[in-house]
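The structure under discussion appears below in the form of structure tokens.
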Amino acid sequence: MKSMMWKSTLREIHQSMGRYLAILAIVALGVGFFAGIKETRPSMVKTADGYLKENNLYDFRLLSTLGFDDQIIALINERQDVRVVEGAYSFDILCRNASDGNEKVIKAHSITNGVNELRVLHGRMPQKANECVVDSGMYSHKYVGKKIALSDTNEAEDLDHFSYSEYKIVGIVESPMYIQFERGSSSLGNGKVSGFIYLLPEGFNSEAYTEVYVKLTKDFGLYDEAYDDYIAERKVQWEPFLEELGKQRFENIKIDGNEKLIDAKTALAKAEKENGKELADAKAELDKAYADIEEGKKQLVEAKEKLADGKVEIEKEEKKLDEAIAAITKNEKLLLDKEKELEDGIAQWEDSIKEFEDSKTQLEEGSQMIVIASSGCKY
């Protein structure tokens with residue numbers, strides 16, 4: 001029976017040799033891929049584990065709607081199982097692309113020390129508050145030296161989280177927080193985060209940290225079940241501690257708020273006192289100003305009356321002036337006439353003198369003739 005089955009099988013293989021070889025090749029290829037992946041996995045896990053340990057990926061990321069202050073971070077740092085604790089800022093923001101000006105959603109982080117450390121691929125780390133390093137998955141080395149600008153379409157409250165409206169790109173980096181191709185989601189723009197940027201803490205404008213990263217004292221291998229047990233144990237221990245920190249943070253905010261309220265009330269009372277005195281002074285000045293206005297009105301009425309009287313006097317004087325001018329004009333004409341008469345009289349007098357002189361000359365000549373005539377009669 002078995003002999004017949006083998007003969008039948010061999011006959012089927014012989015009759016469809018091409019299909020048999022194809023199936024055999026597919027099976028061989030699948031076995032090869034499976035063997036390769038099985039052998040590659042340890043190397044990939046080792047590489048990823050070394051990368052995450054080298055860059056100190058966080059163990060805990062603490063979030064709070066009230067934020068965190070330095071006092072809370074100091075209390076966390078006092079725990080025995082903590083190696084590094086860092087307060088950090090992170091905000092989603094719409095940015096204009098450095099090359100084409102298109103808007104994209106960017107996740108902005110603050111640079112931390114000892115946890116979530118960056119690997120610089122090109123350029124350098126920021127040294128000034130208006131400098132940044134950017135996602136190697138989004139930007140190439142060609143963008144070093146260019147600027148990335150916050151879009152004007154952002155809400156004012158989103159822009160208020162940042163100290164500057166644009167930042168200079170000084171480096172291209174990798175972050176252990178982003179080991180996948182996806183960068184996360186956002187409530188801004190199209191809902192998809194395109195990349196990340198890192199700034200110095202001074203590049204942000206925020207009163208409280210938005211998150212806290214904690215690196216614990218123990219290290220474990222990647223996908224190590226002991227790590228899961230360790231973290232689960234720490235969570236049980238940390239939850240009541242963090243709950244107390246939350247209450248303390250709330251009380252701190254209340255205390256700060258009350259202090260500010262007291263300061264505001266004190267300032268208000270002082271201002272009211274000062275303003276009360278200033279108001280009284282202002283009222284006295286206002287009353288005096290009203291009295292001055294009434295006095296001014298009275299003086300204005302008197303001045304108008306004097307002005308009316310003055311206008312009458314002016315009209316009288318103008319009339320006298322017109323009469324005087326007419327008299328002067330008349331006298332000037334009379335004077336001209338008298339001057340002419342005088343000139344005519346002088347001319348007549350001169351003519352009379354001349355006639356007198358001529359008559360005198362004739363008289364003298366006549367006397368001589370008489371004397372001569374007299375002498376002639378004697379002889």
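The values are calculated or read from the model by the stated rules, or taken from the named source; none is laboratory data. Bear in mind the structure is a predicted one, so any value in this text is a computation, not a measurement. So basically every Cβ, Gly included, is an ideal-geometry build from the backbone, and we count neighbours across all protein chains shown. To get the accessible areas, we keep the full protein, side chains included, count just its heavy atoms, and leave off ligands, DNA and RNA. Shrake-Rupley method; radii C 1.70, N 1.55, O 1.52, S 1.80 Å.
Assorted remarks:
- Estimated from the Cβ-Cβ distance and a Förster radius of 45 angstrom, the FRET efficiency linking Tyr51 and Ile23 is about 0.65.
- Length-normalised contact order for the chain - Cα pairs under 8 Å, 6+ apart - percent: 18 percent
- Integer Hz, Karplus 6.51/-1.76/1.60 couplings in order for the stretch 34-43, x for Gly and Pro: 4, 5, x, 5, 4, 7, 6, 3, x, 5
- Inverse mean reciprocal Cα-Cα distance (Kirkwood Rh) of the stretch 183-295, Å: 21.6 Å
- Beta bridges from DSSP with both residues in the stretch 74-203: antiparallel share about 65 percent, rounded to the nearest 5.
- Taking all protein chains together, Leu63, Leu200 sort by accessible area into Leu63, Leu200, largest first [probe 1.4 Å].
- For the stretch 73-154, the list of trypsin sites (Lys or Arg not before Pro) that fall in a loop by DSSP and count at most 16 other C-beta atoms within 10 angstrom reads Arg79, Arg124, Lys128, Lys146.
- Ala303/Thr329 FRET efficiency (R0 25 Å; Cβ-Cβ; nearest 0.05): 0.10
- Percent of C-alpha pairs per 5 Å bin, the stretch 251-321, short to long: 4, 12, 9, 8, 8, 8, 7, 7, 6, 6, 5, 4, 4, 3, 3, 2, 2, 1, 1, 0
- Simple point charges give the picture: +1 on the Cβ of Lys and Arg, -1 on the Cβ of Asp and Glu, and for the chain a dipole about the Cα centre of about 4180 debye.
- Between the stretch 19-92 and the stretch 219-271, the Cα center-to-center distance that results, in Å: 27 Å
- Whole-number accessible area per residue in Å² for the chain, which is evaluated in the context of all protein chains at 1.4 Å: 71 Å²
- Ordered by solvent-accessible area of protein heavy atoms (1.4 Å probe), largest first, the residues Leu66, Leu321, Leu150 come out as Leu321, Leu66, Leu150.
- Efficiency of FRET from Cβ geometry, Val82 and Glu251, R₀ 30 Å, rounded to 0.05: 0.85
- Within straight-line cross-link reach of Lys273, lysines at Cα separation under 21 Å, skipping those fewer than 8 residues along the same chain: Lys260, Lys265, Lys283
- Residues considered: Leu216, Leu268, Leu300. Largest GNM mean-square fluctuation over the chain, using C-alpha springs under 10 Å, is found at Leu300.
- Here the simple spin-label model places points 7 Å from the Cα toward Cβ, and for Glu341 and Asn258 these points are separated by 11.8 nm.
- In the chain, the portion of solvent-accessible area held by carbon and sulfur atoms comes to 56 percent [1.4 Å probe, whole percent, DNA, RNA and ligands not counted].
- Calculated mean residue ellipticity, 222 nm, the chain: -21500 deg cm²/dmol, from DSSP H runs (n ≥ 4) at -39500 (n - 2.57) each, averaged per residue and rounded to 500.
- The candidate values were (1) 1.07; (2) 2.80; (3) 1.87; the one computed from these coordinates for Cα Rg over 2.2 N^0.38 Å carries the label (2).
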